[in-house]
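Down below is the structure, laid out as structure tokens.
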Amino acid sequence: LPGHEGGVGSIAVHPSGKLCLSGGASDGKLKLWDLTKGRLAFVNKIDPSSTRGGHARYDSIDSLVWSKGGEFYAIAHGPHITVRDVSTGKQLLDVNLPSRANQLALMAGDEGVFVVAACNDGSLPVLAVEDSDDESRRAIMAIEPVESHLAREERFKCIQNICGYYVVTANSAGVVSLMNLEGAVKMIMSEGDEDEDE
């Protein structure tokens, strides 16, 4: 399935096994492949991170992840995170983080759906995924960033959702951790409830 110029930064197979997303390492393209027919189904271009000499430069699409039911997916390129609904094409979340997101995980439970990012500055932000036209976002830093000169070994490189709000992370120092982010989720939701009461 050729198509990316400059390599592939990440892939994610749909839970059905019939579709696959691929993200370019330098061409700025997000491609959806129909694996049953062995052909390209859709191409979307991300925004360039910079322009030099009239040429657009793109961050590598380093992380792609489908929701467990395959209704939506999350994408990370540089510090930018987008969550998109597959059936409508609507962006449910579109945000820039203070640091590069190395990998994303989607979590779901009674409180809703959340995306959590393993970031280069050692932070672990958790953001609510909501179908809303409201500009406000519900989010919390489950782990605060580390000062840039100290972050070398604290960088989160990998994250995977196990079930509910449990995730496994790995950092640059080789430490693998199991975390329960339910407390962070409850804090996000309680802040939203306080805003509605006012």
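What follows draws every value from the coordinates through simple rules; no lab data is involved. Predicted model only: the values in this text are computed from it and were never measured. Don't worry about glycine lacking a Cβ; one is built from the backbone with ideal geometry, like all the others, and counts go over all protein chains shown.
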Could you tell me how far the Cα centroid of segment 36-57 sits from the Cα centroid of segment 148-187, in Å?
30 Å
Of P98, S123, A56, which is farthest on the positive side of the dipole of the chain, counting Cα position, with +1 on Lys and Arg Cβ, -1 on Asp and Glu Cβ, and the Cα centre as origin?
A56
Subtracting the Cα-Cα distance from 0.36 nm times the residue separation, let me have the gained length for A56 to C158 in nm, one decimal.
33.9 nm
Against the longest principal axis of the chain, how steep is helix 182-197, in degrees 0 to 90 to the nearest 10, with axes from Cα atoms?
80 degrees
Top of H14, H80, H55 by mean-square fluctuation, Gaussian network on the chain, Cα under 10 Å:
H55
Can you work out ³J(HN,Hα) from phi for every residue in segment 74-84, in order, using Karplus 6.51 cos²θ - 1.76 cosθ + 1.60 and θ = phi - 60°, giving whole Hz and x for Gly and Pro?
10, 9, 10, 9, x, x, 9, 10, 10, 10, 10
Lysines whose Cα lies under 27 Å from that of K18, excluding same-chain neighbours fewer than 8 positions away
K29, K31, K37, K45, K68, K90
Answer in debye to the nearest 20: the dipole magnitude of segment 64-183 about its Cα centre, from +1 Lys/Arg and -1 Asp/Glu charges placed on Cβ, is 500 debye
Roughly speaking, what % of Cα-Cα pairs in the chain are separated by over 21 Å, rounded to a whole number?
53 percent
